[in-house]
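Values in this text are rule-based calculations from the coordinates and carry no lab data. What you see is a predicted model, and the numbers here were worked out from it, not measured in a lab. Glycine also receives a Cβ, built like all others from the backbone with ideal geometry; neighbour counts cover every protein chain displayed.
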Amino acid sequence: MSEPGRVLVTGATGTVGSHLVRCLAELGVPVRAASRNPSTSGDTTGHVETARMDLREPMSTAAALEGVERLFLATPLEQDMAELAARVVDQARHAGLRQVVRLSAFGAGGRASTRLAAVHEQTEARLRESGLVWASLRANAFMQNFLTQFADSIRRADRFSACQADGRVSFIDARDVAAAAACLLTAQSPPAQACFELTGSQALSNDDVARVLSRVLGRRIRYVDMQPGETRAALRAQGMSAWLTDIVMELYALSAAGGASAVTSDVAKLLGRPPIAFETFVADHADAFR
Ligand SMILES: NC(=O)c1ccc[n+]([C@@H]2O[C@H](COP(=O)([O-])OP(=O)(O)OC[C@H]3O[C@@H](n4cnc5c(N)ncnc54)[C@H](OP(=O)(O)O)[C@@H]3O)[C@@H](O)[C@H]2O)c1
């Protein structure tokens, strides 16, 4: 069997990319881990090289693609993400890459009509036209959002707030998204064009989440539902851009209406095991909530 070719992981210091770099390196796959502020921390395998790459600098993305066989394409949640992704897809085609695995979002492909889904659909369309072998990972909301958005409030006040009423969400652990990407990027015969809807194995309301947090952490954690206007004002006061605030508010509305609650079997199909449970996620990150 031939040696695996190098994989360029974009967003390598991000939520999914950081796990993917680790997964691939542990499988013995050479990785180029790219972001604006790359970090080698934690690599003990010797399979990871880092590259400074800015998606807004075409020369740096072209350089990062040199000598690479496959690409994991994640773009930051910013207003021009579709344009940034389109340029990298075009560069990947010119560079003759064997495969692109794209980090997309649940709802792309018509399941829901949010602006975020529409933006990700644009990149899927670009991939479809490219002639490249590609897969799109349409992941639902990450469990890790509870670390970035709510851990501070849970630590300080034993509560977290949002505006999704009792709407349920089939949260997925970003480690499963990374494992799914690694599975596709190491496949001998990857599907030519494929979309995977990645969810956890159950849909939870924020009250359900509060119960899991309480049980695992051993103290009472409460979910406090806010009015959408209050949530919007709080996000803006935290410095979130108007564009991203609109995106987040749309996702809360979708979640409140049950539009993010579907549970799929794609993680199990790809990985041959069930998705990581929310309970396990909390136990694995308990210190962040204490
Ligand atoms: N959060 C969720 O629940 C969720 C669910 C489904 C899909 N998604 C999708 O996931 C994607 C984001 O992935 P993530 O959550 O793994 O990342 P993340 O944690 O938000 O981190 C962003 C990554 O992108 C890098 N980055 C930011 N700006 C860059 C630029 N101009 N050029 C190059 N690299 C840049 C960052 O590193 P540097 O700062 O060092 O550049 C970092 O590695 C989005 O497209 C989002 O729609 C998120």
Exercise. Over the Cα atoms of region 29-159, how large are the radius of gyration and the largest Cα-Cα distance (Dmax), in Å?
Worked result: 16.6, 52
For this session: Sum up the charges of everything whose Cβ sits under 13 Å from the Cβ of C163, counting Lys and Arg as +1 and Asp and Glu as -1, but leave C163 out.
Result: -3
Seminar exercise, completed: Averaging 1/r across every pair of distinct alpha carbons in region 117-229 and inverting yields a Kirkwood hydrodynamic radius, in angstrom, of 16.3
Seminar exercise, completed: Sorted largest first, the C-alpha extents of region 160-224 along its principal axes in whole angstrom are 48, 24, 16
Exercise. Which whole-angstrom value gives the distance between the alpha carbon centres of region 133-195 and region 87-110?
Worked result: 19
Exercise. Where both residues lie in region 28-159, what percent of DSSP beta bridges are antiparallel, nearest 5?
Worked result: 0
Problem set entry | Coarse-grained scattering of region 137-198 at q = 0.13, 0.15, 0.17, 0.18 Å⁻¹, given as base-10 log I(q)/I(0) from a Debye sum over alpha-carbon atoms | -0.50, -0.61, -0.71, -0.76
For this session: Work out the P(r) tail for the chain: percent of alpha carbon pairs separated by more than 37 Å, whole number.
Result: 13
Exercise. If you plug each phi of region 196-209 into the Karplus form 6.51 cos²θ - 1.76 cosθ + 1.60 with θ = phi - 60°, what whole-Hz ³J(HN,Hα) values come out, in order, with x for Gly and Pro?
Worked result: 10, 9, 9, 9, x, 8, 8, 9, 10, 7, 5, 5, 4, 4
For this session: Over all directions, average the projected area of the Cα convex hull of region 89-131 and note it in nm².
Result: 3.0
Problem set entry | Two-decimal log10 I(q)/I(0) for region 124-163, as the Debye equation yields it once each C-alpha is a single scatterer, q = 0.30, 0.33 Å⁻¹ | -1.00, -1.07
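Would you calculate, for the chain, the mean residue ellipticity at 222 nm contributed by helices, counting each DSSP H stretch of 4 or more residues as -39,500 (n - 2.57) and dividing by all residues, to the nearest 500?
-12500 deg cm²/dmol
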Exercise. Could you list, bin by bin from short to long, the percent of Cα-Cα pairs of region 100-171 in 10 Å steps?
Worked result: 17, 37, 26, 15, 4, 0
For this session: Return the whole-Å distance between the Cα centroid of region 1-74 and the Cα centroid of region 213-286.
Result: 28
For this session: Just round it to a whole percent: the fraction of Cα-Cα distances in region 236-276 exceeding 14 Å.
Result: 64
Exercise. What Rg and what Dmax come out for region 195-262 when only alpha-carbon atoms are used, in angstroms?
Worked result: 14.4, 40
Problem set entry | For region 26-104, convex hull volume per residue from C-alpha positions, Å³ | 102
Exercise. What residues qualify as long-range amide H neighbours of A162, i.e. H under 5 Å apart, gap of 5 or more or another chain, H built at 1.01 Å from N?
Worked result: V224, M226
Exercise. How many percent of all Cα-Cα pairs in region 170-290 sit more than 22 Å apart?
Worked result: 51
Exercise. If you count the DSSP beta bridges with both ends in the chain, what percent of them are antiparallel, to the nearest 5?
Worked result: 5
